[in-house]
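Remarks on the structure that follows.
The values are calculated or read from the model by the stated rules, or taken from the named source; none is laboratory data. Owing to the predicted nature of the structure, the values given are computational and were not obtained by experimental measurement. Reconstructed Cβ throughout: ideal geometry from the backbone, glycine too, with neighbour counts over all protein chains shown.
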Amino acid sequence: MADDHTDHIDHADSPFATYLALLASGAPAAAYERPVLRARADGASTERLAAVEHAKLLALRVRAELEDRRRREAELSALFATAHDLAGLRDVDAVLRAIVRRARSLLGTDAAYLTLHDAVAGDTYMRVTEGSVSARFQALRLGMGEGLGGLVAQTARPYATDSYLDDPRFQHTPVIDSGVRDEGLVAILGVPLQLGSGVIGVLFAADRRFRVFNRQQIALLGSLAAHAAVAIDTADLLAETRSALADLEAANAVIRDRSAAVERAADIHDRLTELVLRGGGVHDVAAAVAEVLGGRVEFLDSGDGPAPAVERSRAEGRAVRHGDDWIAAVSAADELMGALRLCDRPGLDPVDRRALERAAMVTSLLQLARRSVGEAEQRVRGELLDDLLDAPERAPRLLRKRAARLRADLDTPHIVLAARIADEHADAPADRQRLWSAASHLAATGHGLAVARDGGTVLLLPHGPHDSATTTARATARRLEAALHTRVTVGASTPVPAPAARPCDVAAAYAEARRCLDVLHALGRGGEGASADDFGFLGLLLTGTYGGTDGGSRGGSRGGSRGGSHDGSHDGSRVGEFVARTIGPVIDYDARRGTALVRTLDAYYACGMSPARTKDELHVHVNTVAQRLDRVGRLLGADWQSPARALEIQLALRLHRLSPSLGGGR
């Protein structure tokens, strides 16, 4: 189109018109030489040629100015677009890619790339590349001062080279030079990315051919680098802002949780205070804590629950985790009184944990208060039983009135029980106090009475028409042993029909229970429970011989010795000596030979000293019975069947059967 237009205007009188037409048509620079050549071919005068040449120079100058303006407009447009990208910054990588892409486009280079400073490693690394084809080049890292980029980063000044590999200004390294060769780069321009006085990276434009970068190109790349630095700084600020917002949100969540926890703690405090004021119990505390904290809360008596966790909680003075549960020991001083267990709450924040610990503390106070009330009631019960034992002249009406306040009915049948610790090594004053406490609790739960007396404890318990004195004595021995973790011997009396009406019967019943207790110790059956009915006439004989009591109890001290003139160990040794002296040789013979002489003697006397009935009882031949009895005669002496010896032998056999451990004293 330019050629056609040129041909059309060659006939114009003014050369300026020709060049104006070329400018208007956007003709290439080569087209501006044609009017000069045509004028020469037409034989134009010297003046005419000079005018055409002058018009050409002016037109080329105008053309260059127009080209420069168009370039500046393109650069400004790119910078405005970059600023727009920064204004809507969402993804810093996308903005940096756009800047590198525009740098390559505006400078017309084969490649453009951007490196950033790595503060940890102390070098720079490739962040974004455009037009790169070499993986090795894209993975390059430049140390401070190494290569063109390292020098730019070190000096914070732009550098350009028309042939990098031949330029001695730069510190060449095998790694960098190899990467540049792989990419095929020749001319490189690098400008610093600056924030304040610091360099955070370098922006590059590079060609794969010889090229000289002018000032305008360096300034343009510098402007894009400034935008890139702003983009990176803005992204860092946004990241810090987002992080701060996330921290604030987390802090707000913590504050909300703490506020809710504090409210729960205040709620628990109010509920526990109300419970204490209105006389609530430990199970009320557990229910209140469960309602506020969620989950399920239960009170564990001492000895129940996971012992290691309870002990650790008591030692540390705080709630401890046990599986998915939390355990808070209920203790006072060195005494463990139980624990609170919060179930199905594996996660528990410190405030809720403290609330559980506070609930355990309140529970211990309630337990102590309950114990104080219980001990006071136990003392009142003991005083009433003391009066029944020591002051039979008390008015029945007053006794009934006092018993009614203790929820005891003394107009119904009762049984008297005498209890004593069987193990002499555990019979210290503190142990006797524990025995009284356990017996008092047992009596209170059964609407009975208990008092410490004569080195042991006396209980007065209701006795039903179908109850057995022996059964009650054995059950009481087992329950006291379980509470004290040591053996307790219990002797029982026959029932007292109405203690309030005849207090003297209570004293007599206590004397009977004491004698039964002494018989058990005499027979070496400490830790058991029994009544006089269990011993028949032998019980009467032993209580008279070894009981050591005079049928009363007035002289005994409540916290003193067991009373009487004999103790259990002495009585037991005397019984053992009697058995050994009377039938010891027969017992020893059975023990050595594995025979059944003692059993034969028992059957012989039980069958009226008839060998015929004895052989039926033992299911053996009558000759066998005769042989065994002959052996007994040789062991015990020829007079063993005399009436006096026979009575002693039968008594010794009965003692041996009741208490095998005493047989023969061996």
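Pull up segment 503-539, narrow it to residues that are under 54 Å from the mean Cα position of the chain (by Cα) and small (Gly, Ala, Ser), then point me to the one that is modelled with the lowest pLDDT. Within segment 503-539, the match that is modelled with the lowest pLDDT is 524.
Counting the residues of segment 168-197 that are at negative phi and free of Cβ contacts under 8 Å to residues at least 12 places away in the same chain gives 2. Taking residue 73 as the residue in question, decide whether it is modelled with pLDDT of 70 or more, part of a helix (DSSP H, G or I), among the charged types (D, E, K, R) and over 60 Å from the mean Cα position of the chain (by Cα). Considered against the rule, which asks whether it is modelled with pLDDT of 70 or more, part of a helix (DSSP H, G or I), among the charged types (D, E, K, R) and over 60 Å from the mean Cα position of the chain (by Cα), residue 73 comes out as no. The residues listed here are 219, 287, 266; of these, the one that is under 30 Å from residue 160 (Cα atoms) and of a type in the set (Gly, Ala, Ser) is 219. Among all positions in segment 434-450, there is no residue which is over 51 Å from the mean Cα position of the chain (by Cα), buried (at least 24 other Cβ atoms within 10 Å of the Cβ) and without any contact (Cβ under 8 Å) to a residue 60 or more places away in the chain. Do we find that residue 542 is in the same structural domain as residue 521 (by TED's automatic domain parsing), part of a helix (DSSP H, G or I) and either at pLDDT below 90 or over 60 Å from the mean Cα position of the chain (by Cα) (or both) in this structure? Spelling it out, residue 542 is indeed in the same structural domain as residue 521 (by TED's automatic domain parsing), part of a helix (DSSP H, G or I) and either at pLDDT below 90 or over 60 Å from the mean Cα position of the chain (by Cα) (or both).
Within segment 131-167, the residues that satisfy the criterion of being surrounded by fewer than 16 Cβ atoms within 10 Å (Cβ to Cβ) and either within 21 Å of residue 110 (Cα to Cα) or at pLDDT 95 or above (or both) are 133, 135, 136, 138, 139, 163, 165, 166, 167.
The single condition among (1) at pLDDT 50 or above; (2) surrounded by fewer than 21 Cβ atoms within 10 Å (Cβ to Cβ) that residue 499 does not meet is (2). Residue 399 fulfils the conditions (1) surrounded by 17 or more Cβ atoms within 10 Å (Cβ to Cβ); (2) modelled with pLDDT under 80; (3) over 20 Å from residue 451 (Cα atoms) except for a single criterion, (3).
Which numbered condition in (1) touching a Phe, Trp or Tyr at 6+ places or on another chain (Cβ under 8 Å); (2) not in a helix (DSSP H, G or I) is the only one that residue 285 fails? Single failed check for residue 285: (2). Scanning segment 471-489 for residues that are β-branched (Val, Ile, Thr) and farther than 22 Å from residue 337 by Cα returns 471, 472, 476, 488, 489.
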